[in-house]
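Here the structure is laid out as structure tokens; the discussion comes afterwards.
Nothing in this text is a laboratory measurement; each read-out follows from the coordinates by a stated rule. Note that the structure is predicted; figures quoted are calculated from it, not measured. Methodologically, a virtual Cβ is constructed for each residue, glycine included, from the backbone with ideal geometry; neighbour enumeration extends over all protein chains shown.
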Amino acid sequence: MRYVKDVALVIRSKNAGPFELTFDLMFPNAEIYEEVKSRITKSKIAKLYKIDESKVLSIVHFAPANAIKITIERPRASGDLGETDVYGAQQHAPLYELTY
Amino acid sequence: MEVLRILSPTAILGYGFPVSSFKAGLDREPHVIAVDAGSTDPGPFYLGSGQSFTQRSAVMRDLEYMVAAVLERNIPLIIGSAGGSGAKPHVDWNVSIVENVLRKLKLTAKIAVIYSDIDQKFLIEQLKLGRVRPLGPVKELAEEEILKSTNLVAQMGQEPIIEALRQGAQIIIAGRAYDPSVFAALPVLKGFDLALSLHLGKILECAAIAADPGSGSDCVFGYLAKDHFVLEALNPERQCTRLSVAAHTLYEKSDPYSLPGPGGSLNLRKTVFQELPGGKVKVSGTAFIPTEKYFVKLEGAALSGYSTICVAGVRDPVMIEQVDSIILEVKKRVADNFKDMADYHLHVRCYGKNGVMGALEPFPNPAHELCLIIDVVASTQDVADTICSFTRSTLLHYGYPNRKSTAGNLAFPYSPSDISVGAVYRFNIYHLLEVDNPTSLFPLYIRRTTL
């Protein structure tokens, strides 16, 4: 079992508009990117964030940046009652536990 | 024109830039200086309240350089999503700063102001005609939400800005605008490829965030040719790399291959990013796929209520062990004491445990010290103040099981301990509106300023 954090250059989160949260995993080269990309699944992400798989809206592979993009539904619209992270910039930490 | 040159001074008007980078940009003889001033990132407060998330003096500082530069060179300055959210109060705020700058420089200019506010009655009619649809994981729009919005804007494409350029405006202050549109307007007017113009704009709108190392407060330069564009960082400490530019395409988007905007989407399936010597990147192959009907994005915010908060630390290990159940019990006591005041929302944040991620937190293990924030939103400031104050005093003296520290449970860093925050808002409209004409929603006013 290997950790994505050990091979990724970038692990980040950010709002994609006020209703979605998007995560980017970027890798140093095409080889590592190719190796990891098919192993990151909606079910793994759902389990990590303890959310229903239907809330994982998409996983997109973007070869020009050796990147995997994962988008989930925000727990609430940005800034709604109970908000914890208006910009969504610190929601990526569980991805340090992601394995492939 | 073979190559059109665009200077993007900063990621957000008011975020600043080094003067040396800006001058390096001017040395390259830009045909236009354009800057995006807006974002929904800072949350619903700014759209809802009509305030800017940047400070007047910071915006003024940036504009002094830009206004002087464009008038001296007789090139246009285009500002999009003025005042941060682009509603009328934001636009008027930005216009007043531009007028101040002009007075200070003892110059006059032909300025264009383009509003992007949507009339509530008009939108209700459009809703009834079935011309409104949700954008992403959002509920269908309801008439009552339209009526609740305190500010309601639509995101313009490049078309209204092109009209202002046609009419000879030197400084264009646009309301809510699709970020790339301020960069794409002049190229599209001059007959450059729409897809490349928009894609270049998409990268330039965040200025040096697309460079390596990235920065939101530094300049980037774009060269647009017939079949490609080139990006160049203007600060010798940064460069544009294939990865930094391609990676930027991912930023704040859910799908990097298809970037939707007014009238259609950019398609990046065949885009090629190519590194050139000298820290430049060449981009080609991007396509624009128009939608059958023209849609603009609507953004609205409504009042959530009035907020009061209180910040307090906890260091007692016995209390930390039970913090969740203690908070729950305190909430019950508050509810019991104010049975007639049901219209409040009480939330106690627990930093050091799950303050950053809330329910998404996979490891809610408490640290040796916690920061609690009592957070109340209510229908009036008085109710919010009352509930916050009562929660604070109840939590301070709450006798939890096995308690040894009987003098008080909380460490307050501040006196006064409670802060009345004022009105808070929520995004209540994030939908698409079908329009017949890309310019009809965005009235344009042109005038020459006086000294």
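Over all alpha-carbon pairs in region B:275-369, figure out the percentage whose distance exceeds 24 Å.
Tail of P(r) above 24 Å: 56 percent of Cα pairs.
Note down the net charge around residue B:316, summing +1 for each Lys or Arg and -1 for each Asp or Glu among other residues with Cβ under 12 Å from its Cβ.
On the way: positive: B:315, B:403, B:404; negative: B:321, B:369.
Residues near residue B:316 contribute +1 overall.
When all alpha-carbon pairs of region B:316-410 are counted, what percent fall beyond 17 Å?
Result: 52 percent of Cα pairs exceed 17 Å.
Order by neighbour count: B:143, A:73, A:83, fewest other Cβ atoms within 10 Å first, most last.
Least crowded to most crowded, the residues run B:143, A:73, A:83.
For peptide A:62-70, compute the average count of partner chain beta-carbon atoms within 10 Å of each residue's beta-carbon.
Working: counts 8, 2, 14, 11, 3, 6, 1, 7, 1.
Going residue by residue through A:62-70 and averaging, the value is 6.
Can you sort A:76, B:315, B:349 by how many other beta carbons sit within 10 Å, fewest first?
With the fewest neighbours first, A:76, B:315, B:349 line up as B:315, A:76, B:349.
Among the DSSP beta bridges whose two residues both lie in chain B, what percent are antiparallel, rounded to the nearest 5?
On the way: 76 of 90 bridges.
About 85 percent, rounded to the nearest 5.
Calculate for chain B the 222 nm mean residue ellipticity that helices alone would give, adding -39,500 (n - 2.57) per DSSP H run of length 4 or more and normalising by residue count, nearest 500 deg cm²/dmol.
Helix contribution divided over all residues of chain B: -9000 deg cm²/dmol.
Using only alpha carbon positions, build the gyration tensor of region B:253-315, then give the equivalent ellipsoid semi-axes as the square roots of 5 times its eigenvalues, largest first, whole angstrom.
After scaling each eigenvalue by five and taking roots: 41, 25, 9 Å.
Rounded to whole Å and sorted largest first, list the principal axis extents of the Cα atoms in the protein assembly as shown.
Result, largest extent first: 80, 59, 50 Å.
Please sort B:151-160, A:13-22 by packing, taking for each peptide the average over its residues of neighbouring beta carbons within 10 angstrom, highest first.
Details: B:151-160: 25.9, A:13-22: 23.6.
Peptide ranking by packing, descending: B:151-160, A:13-22.
Using the charge dipole of chain A (Lys, Arg: +1 at Cβ; Asp, Glu: -1 at Cβ; taken about the Cα centre), state which of A:43, A:89, A:68 has its Cα farthest towards the positive end.
It is A:43, whose Cα lies furthest towards the positive end.
Restricting to the protein assembly as shown, compute how many DSSP beta bridges are antiparallel as a %, nearest 5. Please list the in-between numbers first.
Working: 96 of 110 bridges.
About 85 percent, rounded to the nearest 5.
Need the list of lysines near residue B:297 for cross-linking: C-alpha distance under 25 angstrom, and skip anything on the same chain fewer than eight residues off.
A:14, A:55, A:69, B:88, B:121, B:128, B:139, B:148, B:202, B:253
What 222 nm value per residue comes from the helices of chain A, counting each DSSP H run with n ≥ 4 as -39,500 (n - 2.57) and dividing by all residues, nearest 500 deg cm²/dmol?
Computed mean residue ellipticity for chain A: -4000 deg cm²/dmol.
Run the numbers on chain B and let me know its relative contact order in percent, using alpha-carbon pairs under 8 Å that are six or more apart.
Once divided by the residue count of chain B, the mean separation gives 20 percent.
With just the Cα atoms defining each centre, how far is region B:334-407 from region B:34-94? Give it in Å.
38
On the Cα set of chain B, report Rg and Dmax in Å, please.
25.2, 80
By count of other Cβ within 10 Å, fewest leading, how are A:11, B:33, B:327 ordered?
So the ranking, lowest neighbour count to highest, is A:11, B:327, B:33.
Over region A:19-93, what is the mean sequence separation of C-alpha contacts under 8 Å (at least six apart), divided by residue count, expressed as relative contact order in percent?
38
Under the definition of Cα pairs under 8 Å and six or more residues apart, what whole-number percent is the relative contact order of region B:316-410?
Across region B:316-410, relative contact order equals 34 percent.
If you find the alpha carbon centre of region B:267-305 and of region A:1-57, how far apart are they in angstrom?
22
In whole Å, what are the extents of region B:1-130 along the principal axes defined by its C-alpha atoms, from largest to smallest?
53, 36, 29
Would you mind computing the Rg to Rh ratio of region B:122-180 from its alpha-carbon coordinates, Kirkwood style for Rh?
Over the Cα atoms of region B:122-180, Rg/Rh equals 1.08.
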